[in-house]
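Inspection log for the structure reproduced underneath, given as structure tokens.
The values are calculated or read from the model by the stated rules, or taken from the named source; none is laboratory data. Because the structure is a prediction, the values reported are computed rather than measured. No Cβ is skipped: glycine too gets one built from the backbone with ideal geometry, and neighbour counts run over all protein chains shown. These area figures cover heavy atoms from the full protein model, side chains too; ligands, DNA and RNA do not enter into them. Shrake-Rupley method; radii C 1.70, N 1.55, O 1.52, S 1.80 Å.
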Amino acid sequence: MARYYIGSCEYKWSHADTQNEQLWVRREVGDSLYKTVESNDWKWVLLRSNSQTLPGDIYCRCDIYVDLPNSKQATLFVLKYHRAKLVEAL
């Protein structure tokens, strides 16, 4: 397994762990990348913290990662989506 950083977004804390959160993630990463992760049943890892630019009690920052298995599909994913940065091998 390996974890890749994809990007980040900000939204209201009330959207965390809801379908709205997935809409924000999909908007940030793009339809193609989102559908690829979902269709392969890879795991999204969403790390939330207080927003640094907006009121932190209302807005959160979400760092978006995906955990990929060591497989041919994962290798192709990294080649196709070059903005994905390896963070750690799990």
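If I filter region 33-43 for residues that are under 16 Å from Gly7 (Cα atoms), of a type in the set (Phe, Trp, Tyr) and outside any loop (DSSP other than H, G, I, E, B), do I get at least one hit? Among the residues of region 33-43, at least one is under 16 Å from Gly7 (Cα atoms), of a type in the set (Phe, Trp, Tyr) and outside any loop (DSSP other than H, G, I, E, B), which makes the answer yes. Of all the residues that make up region 16-26, how many are in contact with a strand residue (DSSP E or B) (Cβ under 8 Å, 6 or more places away or on another chain) and either basic (Lys, Arg) or buried (at least 18 other Cβ atoms within 10 Å of the Cβ) (or both)? Number of matching residues: 3.
Every test in (1) of a type in the set (Asp, Glu); (2) over 21 Å from Ala89 (Cα atoms); (3) open to solvent by 70 Å² or more (accessible area, probe 1.4 Å) is passed by Glu10 save one, and that test is (3). Checked against (1) within 13 Å of the chain's Cα centre (by Cα); (2) open to solvent by 90 Å² or more (accessible area, probe 1.4 Å), Lys72 meets all criteria but (1). Of all the criteria given as (1) more than 12 Å from Ser8 (Cβ to Cβ); (2) in a strand (DSSP E or B); (3) of a type outside the set (Ser, Thr, Tyr), the one not satisfied by Asp63 is (1). The condition of being over 12 Å from Glu10 (Cβ atoms), in a strand (DSSP E or B) and open to solvent by 80 Å² or more (accessible area, probe 1.4 Å) holds for only one of Leu79, Leu47, that being Leu47. Residues that are surrounded by fewer than 16 Cβ atoms within 10 Å (Cβ to Cβ) and either at pLDDT below 95 or over 16 Å from Gln73 (Cα atoms) (or both) within region 27-38 comprise Arg27, Gly30, Asp31, listed in sequence order.
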